[in-house]
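A.B. asks: Submitted below is the structure of interest, expressed as structure tokens.
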Amino acid sequence: MSLHRLVTVLLVAAVTLLVALLALADAVAAGPGDVERGAVERGAYLVRAMACNDCHTPWKVGPRGPEPDMSRMLSGHPSDLVMPAAPALPPGPWLVVSSGTNTAWAGPWGVSFTANLTPDPETGLGKWTEQNFADAMRSGRHMGRGRRILPPMPYPAVGGLTDADLHAVWAYLRSIPAVRNRVPDPVAPAAR
Ligand code: HEC
């Protein structure tokens with residue numbers, strides 16, 4: 001082999017090695033942390049697009065009219081807003097009454113209050129597992145095994161997400177600030 005050829009072969013080998021090392025470094029940099037960051041971003045997008053804030057963040061009247069109060073993001077019906085007894089069912093075709101916060105809903109099912117979705121351990125989803133969340137959304141039962149989840153929670157829409165998207169929503173809900181806010185239990189139709 002001529003010296004010239006040898007140099008060329010060595011050069012090609014060196015460049016190939018360098019490219020392989022760079023790819024390896026990339027793969028190491030994009031580790032599990034990045035995958036999870038990607039899930040949190042995707043979850044934030046899904047929560048925005050699926051309007052979870054419309055019901056789970058209390059509304060206030062701001063300069064641009066009523067809007068979710070993001071200082072209480074996804075913390076559910078505010079415990080300091082104690083609702084009086086719900087009015088009698090309106091004459092049809094009117095059916096449902098909601099509070100100005102959009103967090104308390106009265107209808108033929110009684111009264112439901114939107115849940116605290118923040119990671120607070122006592123009043124939010126802090127003690128839930130990802131499995132509890134996925135099972136609740138897929139089955140329509142509280143934590144996946146309790147009573148039926150009441151309207152207007154659109155659990156079939158959330159439960160219809162792919163496993164990866166449902167995981168992303170959960171990852172995002174895990175990443176938001178915990179807000180301590182105890183949501184009241186629902187009221188049965190007879191008692192409303
Ligand atoms: C139209 C209003 C509305 C929207 C939109 C909404 N929710 Fe809800 N959600 C509710 C109400 C009301 C409850 C309480 C139902 C009950 O007590 O049975 C609830 C309860 C829940 C619960 C608790 C379920 C359980 O097992 O007790 C979770 C978790 C939840 N919602 C997640 C979400 C997520 C995530 C989104 C957005 C993808 C969302 N919700 C959008 C109204 C809504």
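A.B. asks: Test TRP105 against the criterion of being more than 17 Å from the chain's Cα centre (by Cα), within 8 Å of the ligand (Cβ to nearest atom) and surrounded by 16 or more Cβ atoms within 10 Å (Cβ to Cβ), and give yes or no.
C.D. replies: When the stated conditions are applied, TRP105 passes them.
A.B. asks: Across the stretch 63-97, what is the total count of residues that are surrounded by 15 or more Cβ atoms within 10 Å (Cβ to Cβ), touching a Phe, Trp or Tyr at 6+ places or on another chain (Cβ under 8 Å) and not in a loop (DSSP other than H, G, I, E, B)?
C.D. replies: Final tally of qualifying residues: 2.
A.B. asks: Any residue at all in the stretch 147-166 that's surrounded by 18 or more Cβ atoms within 10 Å (Cβ to Cβ) and under 15 Å from PRO119 (Cα atoms)?
C.D. replies: No, the stretch 147-166 contains no residue that is surrounded by 18 or more Cβ atoms within 10 Å (Cβ to Cβ) and under 15 Å from PRO119 (Cα atoms).
A.B. asks: Inspect all residues belonging to the stretch 121-130 and state whether any of them is part of a strand (DSSP E or B) and surrounded by fewer than 14 Cβ atoms within 10 Å (Cβ to Cβ). Let's see the steps before the verdict.
C.D. replies: The initial filter retains those residues of the stretch 121-130 that are part of a strand (DSSP E or B), namely none.
No, every residue in the stretch 121-130 fails to be part of a strand (DSSP E or B) and surrounded by fewer than 14 Cβ atoms within 10 Å (Cβ to Cβ).
A.B. asks: What pairs come out if I take residues in the stretch 135-150 that are hydrophobic (A, V, I, L, M, F, W, C) and pair them with residues that are more than 7 Å from the ligand (Cβ to nearest atom) and assigned to a loop (DSSP other than H, G, I, E, B) whose C-beta lies under 8 Å away, six or more apart or interchain?
C.D. replies: MET137/LEU161; MET143/TRP128; ILE149/GLY140; LEU150/TRP109
A.B. asks: Also, quick follow-up: Would you check which residues across the stretch 159-192 are of a type in the set (Ser, Thr, Tyr) and within 12 Å of the ligand (Cβ to nearest atom) and list them?
C.D. replies: Of everything in the stretch 159-192, just one residue is of a type in the set (Ser, Thr, Tyr) and within 12 Å of the ligand (Cβ to nearest atom), namely TYR172.
A.B. asks: Could I ask something else about it? Does ASP80 meet the test of being under 22 Å from ARG147 (Cβ atoms), among the charged types (D, E, K, R) and more than 9 Å from the ligand (Cβ to nearest atom)? Reasoning before the result, please.
C.D. replies: On the way: under 22 Å from ARG147 (Cβ atoms): no; among the charged types (D, E, K, R): yes; more than 9 Å from the ligand (Cβ to nearest atom): yes.
Here the answer is no, as ASP80 does not meet what is asked.
A.B. asks: To continue, here is another question. Which members of the stretch 135-158 meet the condition of being part of a helix (DSSP H, G or I) and near the ligand (Cβ under 10 Å from one of its atoms)? Write out each step before concluding.
C.D. replies: Of the stretch 135-158, the ones part of a helix (DSSP H, G or I) are 135-139, 142-144, 155-158.
Result: ASP135, ALA136, MET137, SER139, HIS142, MET143, GLY144, TYR155, ALA157, VAL158.
A.B. asks: Just to check your reading of the model, which residue among ASN116, ASN181, ASN132 is touching a residue at least 12 places away in the same chain (Cβ under 8 Å) and farther than 19 Å from HIS77 by Cα?
C.D. replies: Checking each option against the conditions leaves just ASN132.
A.B. asks: Go through the stretch 51-77 and give me each residue that's away from the ligand (no atom under 14 Å from the Cβ) and not charged (D, E, K, R).
C.D. replies: Correct list: VAL61, GLY62, PRO63, GLY65, PRO66, MET70, SER71.
A.B. asks: Sticking with this one: Confirm whether PRO189 is farther than 24 Å from ALA49 by Cα and exposed (fewer than 15 other Cβ atoms within 10 Å of the Cβ).
C.D. replies: yes
Readers should treat all values here as calculations from the given coordinates under stated rules, not as data from a laboratory. What you see is a predicted model; the values in this text were computed from it and never measured. Using ideal geometry, Cβ is built from the backbone for each residue, glycine included, and neighbour counts are taken over all protein chains shown.
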